[in-house]
Amino acid sequence: MDRRLDGMDRRLDDVDRRLLSAVHECGMDPRVAAVARALSWSGEHGALWLAAGLAGAAVDRERRGAWLRATALTTTAHLASMGVKRIVRRPRPAHVVPLVRTAGRHSFPSSHATSAAAAAVAYGALGAHVIPPLAAAMCVSRIVVGVHYPSDVAAGAALGALTARLGARWVGVGHD
């Protein structure tokens with residue numbers, strides 16, 4: 001049975017590598033690469049999502065507390081992904097040339113995807129309908145720039161969405 005699981009692991013790794021290579025190939029178009037780089041840069045340490053949450057709190061004064069709690073939840077998800085990275089320690093892909101520099105050496109889960117999915121769930125519940133498509137683009141950008149396997153991004157998105165979903169009641173969507 002161990003041999004079958006080991007063989008399955010190799011096949012899944014092979015699929016992950018092939019998918020990364022295929023999506024990364026899109027980054028050879030200079031326009032796609034520019035957008036992917038910009039998304040990657042803006043998502044570093046969850047910066048885009050923190051800025052969006054703080055902007056929501058500034059603009060939507062009636063629900064300022066909910067926006068700030070959603071921002072805290074997004075930050076918590078990002079920090080959780082960093083903790084998981086330190087435990088798992090999966091190296092970044094080595095078979096493609098990355099289009100951006102990274103803050104760390106480990107790729108699982110994608111912290112960009114974690115904070116993006118958390119923001120999509122938390123801010124989406126507050127009516128920020130532009131966030132989910134932007135979050136999806138952020139997730140794909142990490143594969144396009146060649147710094148994450150698709151499974152890193154999927155795991156990060158699941159972690160972020162789950163974290164935000166678990167904290168949804170705390171955030172609340174009513175007036176404070």
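See the values below:
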quantity	calculated
Subset tally (residues that are exposed (fewer than 15 other Cβ atoms within 10 Å of the Cβ) and under 14 Å from the mean Cα position of the chain (by Cα)) for the stretch 90-136	1
Which numbered condition T71 fails, given (1) within 25 Å of D14 (Cβ to Cβ); (2) of a type outside the set (G, A, S); (3) at pLDDT 90 or above	(1)
Residues being part of a helix (DSSP H, G or I) and open to solvent by less than 30 Å² (accessible area, probe 1.4 Å) - total across the stretch 158-172	4
Selection from the stretch 103-152 of residues that are in contact with a Pro (Cβ under 8 Å, 6 or more places away or on another chain) and either assigned to a helix (DSSP H, G or I) or under 20 Å from G27 (Cα atoms) (or both)	S107, A120, G124, I143, V145, G146, V147, H148, Y149, D152
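The values are calculated or read from the model by the stated rules, or taken from the named source; none is laboratory data. All values derive from a computational prediction rather than experimental measurement. FYI the Cβ positions are ideal-geometry reconstructions off the backbone, even for glycines, and counts take in every protein chain you see. Keep in mind that these areas ignore ligands, DNA and RNA; they rest on the heavy atoms of the full protein, side chains included. Shrake-Rupley method; radii C 1.70, N 1.55, O 1.52, S 1.80 Å.
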